[in-house]
Amino acid sequence: MSEQEREPTARQEAAPLLPMPEDWSRALAVVAHPDDLEYGCSAAVAAWTDAGREVVYVLATRGEAGIDGLAPEVCGPLREREQRASAEAVGVRRVEFLDHRDGVVEYGVGLRRDIAAAVRRHRPELVLTLNHRDTWGGGPWNTPDHVAVGRAVLDAAADAGNRWIFPELAEQGLEPWDGVRWVAVAASPRPTHAVDARPGLERAVRSLLEHRTYIEALTDEDPEAYCRDFLAGGAGGAAARFGGVPAVTFELFPR
Ligand SMILES: [Zn+2]
């Protein structure tokens, strides 16, 4: 086990979470699947778009392998529609898909290039992704797509600024962008920063609820109660480390 993948120490678990940086205007969120941002951090996104910041979503797949009873060719377009509606619910109007294959996303040069191209297109100061670590914090094992995409996002934030890595991107008119100042990883088992979840929480519930087909296949609970319990429970769990304020947490990697 590498140093990096060790479980957080008791001291790290108890350390106060710092407020997320506020001095930025454009964020790009890159995740593996429809619903990753809605389970991960959309209450924070709602607060940011309220403040006039631009947030763009890029998804590596259309989540076409996510529902047992639906064939991928039916599921993909349906989940794309649900994702666009869930983005709209928190003020995000641009959603793009990289068309990697759901469930078997491969970490590698191709994925890094696609994400670096997205960073160059949108020129964000803040890049968001979902937990790239092996577990969700000592408990359930993470999925390979989240690990592959999260790691590739951390790498591509730097690749995007280097003229000589992926020179074909500049030939396509995508000039280097070295302006990414932070990569923030949502739902990490090692959070360092947080955003007050309260102003955006109701819209985050609406946003997660837009993934209705997925959620109805996942649980017999009332979908709205399920979404509210999940998001309010997660935010409440972080409050002890954020001055008693329910929070969306991030592990922040400055560049
Ligand atoms: Zn996912």
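Please give the length that would be gained between residue 93 and residue 109 if that part of the chain were fully extended, namely 0.36 nm times their separation in residues minus their C-alpha to C-alpha distance (nm, one decimal).
Length gained, residue 93 through residue 109: 2.9 nm.
To the nearest 20 debye, what charge dipole does the stretch 22-254 have about its Cα centre, counting +1 at the Cβ of each Lys and Arg and -1 at the Cβ of each Asp and Glu?
I would put it at about 660 debye.
At a Förster distance of 41 Å, what's the computed FRET efficiency of residue 170 paired with residue 219, Cβ-Cβ distance as r, to 0.05?
Here the calculated transfer efficiency is 0.30.
Which ordering of 105, 153, 185, 245 is given by a fewest-first count of other beta-carbon atoms within 10 Å?
245, 105, 185, 153
In whole Hz, with x marking every Gly and Pro, tabulate ³J(HN,Hα) for the stretch 55-68 from phi via Karplus 6.51 cos²θ - 1.76 cosθ + 1.60, θ = phi - 60°.
Values, residue by residue: 10, 10, 9, 10, 10, 5, 10, 9, x, 6, 9, x, 10, 4 Hz.
From the helices alone, meaning DSSP H stretches of at least four residues, give me the mean residue ellipticity at 222 nm for the chain, per-run term -39500 (n - 2.57), in deg cm²/dmol to the nearest 500.
The helix-only estimate for the chain comes to -12000 deg cm²/dmol at 222 nm.
Note the direction-averaged projected area, equal to a quarter of the hull surface, for the Cα convex hull of the stretch 22-254, in nm².
That works out to 12.1 nm², a quarter of the Cα hull's surface.
Considering only DSSP states other than H, G, I, E and B, which trypsin sites (Lys or Arg not before Pro) in the stretch 9-94 qualify as loop sites with at most 13 other Cβ atoms within 10 Å?
For trypsin sites (Lys or Arg not before Pro) across the stretch 9-94 that sit outside H, G, I, E and B with at most 13 neighbouring Cβ atoms in 10 Å, the list reads 93.
Counting other Cβ atoms within 10 Å, keep those with at most 12, restrict to DSSP loop, and tell me which chymotrypsin sites (Phe, Trp or Tyr not before Pro) in the stretch 111-203 are left.
On the way: sites: 136, 141, 164, 177, 182; in loops: 136, 164, 177.
Those satisfying the criteria are 164.
Net charge near residue 228, counting Lys/Arg +1 and Asp/Glu -1 over other residues with Cβ under 15 Å of its Cβ?
Counting the neighbours of residue 228, the net charge comes to -3.
We did not get these values from a lab; they are worked out from the coordinates using the rules stated. Note that this is a predicted model, so its numbers are computed, not measured. Positions of Cβ are generated from backbone atoms using ideal geometry, with glycine treated the same way; all protein chains shown enter the neighbour counts.
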